[in-house]
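The next block holds one structure in the form of structure tokens; read it before the comments.
The values are calculated or read from the model by the stated rules, or taken from the named source; none is laboratory data. These figures come from a predicted structure and were not determined experimentally. Reconstructed Cβ throughout: ideal geometry from the backbone, glycine too, with neighbour counts over all protein chains shown. What goes into the accessible areas is simple: the full protein's heavy atoms, side chains included, and nothing from ligands, DNA or RNA. Shrake-Rupley method; radii C 1.70, N 1.55, O 1.52, S 1.80 Å.
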Amino acid sequence: MYTGTAVGMALALLALGACGGPEDPEGPEEPPGAGPDTLQLAPDDSIGVLMGDSNYVFGTIGEAVLTMEGDIAVLDEAGACVKVYDRQGRYLRRIGRRGSGPGELLVPGGLAVLSDGSFAVMDSRRGGVHRFGADGTYDSLYTDFGGDGAPQWAWGVDSMAFVASYLDDEMSEGSIEMVSMVARWRDHREPEVVYREHRFPYRPDDMGSFLDNALFSSAFAAGRDGRVYVAPISTSEYRINVYGPEGDSLGAITREMPRVEKTPGEMEEERRLITDILRERGVREEMNRYDPDPYRWLIQPQGLGVDGSGRLWVQSGSAEGTVMDVYSPQGEHLAVVRLEGILGPHGGMGIVKVQSDAILAWSLQAADYPKLYVYGLPGL
């Protein structure tokens, strides 16, 4: 079960060389100049306005995915609903609304499209994962977590299952131990497969440590074939572990990457941003301490995605701007893609969600108003 308001508030923040292939976990370092060329990718479109038609106004973008028909579904956390648009950005329909009755949402924090085209909406206040049909009609409480929160950052995979992160706690000799996991669920709260589990003590006086261990500890993604990629977040090691649907190890993708030190300005901006977000979400001042790591992450949290061809996209934490490395299903480094037009000079607090044939991206630091950017996938 969850431990108090602080944990719940922090969880809401989430709703915020050569490589070694899967059979070659320790691939050689890429010699200078031997890597793939960098491709520049500009957005094809954006969805979102400051004011006007409420169907195009977002309170907070928490998630965005493509439907099985290729439409765009956007989870508006503040609006407690999912808004669906066609690929030209035209509004189609709304799924859910605020409330505590059947088909209503209170604190939605995750969205995935299941293998039959239905929607799985994660809502910690409403008991877990709620299922809506492809047409938006309410079906059921698909996965009941009994009020103990709900998974986050989900990916729909095969056989009506989804892969997501989940945070739980356990009492151990009078102290609280937190359990952060990346796992596969279907219609039961017990996971079918656990791909990564990280345990750490809960320290109520240090929310920065909590964020590092719970929310900034790993990046992960899953393809429709059920293959799962998990990257421990690190400032010194670039490693992506690859698993089959049943948790069998398929090797790892690794690269030799230099450590990049943050500038004093980056340190101060990160500290201010995280502190402000925690304060806005009700975390007490004595708990609201966050000291950034002096080095940049080599892979960004929530920085993995899988396209319709099974290629893995990895958001670089050490590069300037929003830069994605693209790997083949066999682990070959295919391309470097720089996304233009959405985030700050070093990516900022932003989300990039690679989908079957498009990239959906949004900033958590929008200077004007929340908007979703849509990119077509380049030919690689």
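Tell me, Kirkwood radius of the chain from alpha-carbon pair distances, in Å?
It is 20.9 Å.
Can you quote the Å³ per residue value for the convex hull of the Cα atoms in region 138-210, rounded to an integer?
About 122 Å³ per residue, rounded to a whole number.
Accessible area of the chain with a 1.4 Å probe: how many percent of it is carbon plus sulfur?
In the chain, the share of accessible area belonging to carbon and sulfur is 48 percent.
Quick query: amide H of LEU105 versus all other amide H atoms, modeled in the peptide plane; which residues come in under 5 Å with a sequence gap of 5 or more or a different chain?
So LEU105 has HN proximity to ARG97, ARG98, GLY99.
Grab the DSSP H runs of the chain that are 4 residues or longer, score each as -39,500 (n - 2.57), total them, divide by all residues and round the 222 nm result to the nearest 500 deg cm²/dmol.
Counting only the DSSP helices, I get -3000 deg cm²/dmol.
Counting only the heavy atoms of the protein chains, how much of GLU269 is accessible to a 1.4 Å probe, in Å² to the nearest 10?
Only protein atoms counted, so the area is about 80 Å².
Among all the aspartates and glutamates, which ones have a C-alpha under 12 Å from LYS371's C-alpha, if same-chain residues fewer than 8 places away are not counted?
LYS371 reaches ASP45, GLU63, ASP76.
What FRET efficiency comes out for the pair ARG259/TYR369, r = Cβ-Cβ distance, R0 = 45 Å, nearest 0.05?
0.80
How far apart, in nanometres, would the label points at GLU285 and TYR91 be if each is projected 7 angstrom from Cα along the Cα-to-Cβ direction?
Each label point is offset 7 Å from its Cα along the Cβ direction, giving 4.1 nm.
Which value results when the Cα radius of gyration for region 120-176 is divided by 2.2 N^0.38 Å?
1.33
Taking θ as phi - 60°, what are the ³J(HN,Hα) couplings along region 85-98 by the Karplus curve (6.51, -1.76, 1.60), each to the nearest whole Hz, with x for Gly and Pro?
Each residue of region 85-98 in turn: 10, 7, 6, 8, x, 7, 5, 10, 6, 10, 10, x, 7, 6 Hz.
Mind checking the per residue accessible area of the chain for me, 1.4 Å probe, whole number of Å²?
40
Residue by residue through region 166-180, what is 3J(HN,Hα) from phi via Karplus (6.51 cos²θ - 1.76 cosθ + 1.60, θ = phi - 60°)? Round to whole Hz and write x for glycine and proline.
Result, ordered by residue: 8, 10, 10, 9, 9, 7, 9, 6, x, 10, 9, 10, 8, 10, 9 Hz.
Mind jotting down the three principal axis lengths of region 56-147 based on Cα atoms? Whole angstrom, largest first.
Result for region 56-147: principal-axis Cα extents of 39, 29, 17 Å.
So, in Å, what gap is there between the alpha-carbon centers of region 118-143 and region 152-222?
20
State whether region 165-303 is rounded, prolate or oblate according to the following rule on the C-alpha gyration tensor (a ≥ b ≥ c being the square roots of its eigenvalues): a/c under 1.5 gives rounded; otherwise a/b larger than b/c gives prolate, and the remaining case gives oblate.
oblate
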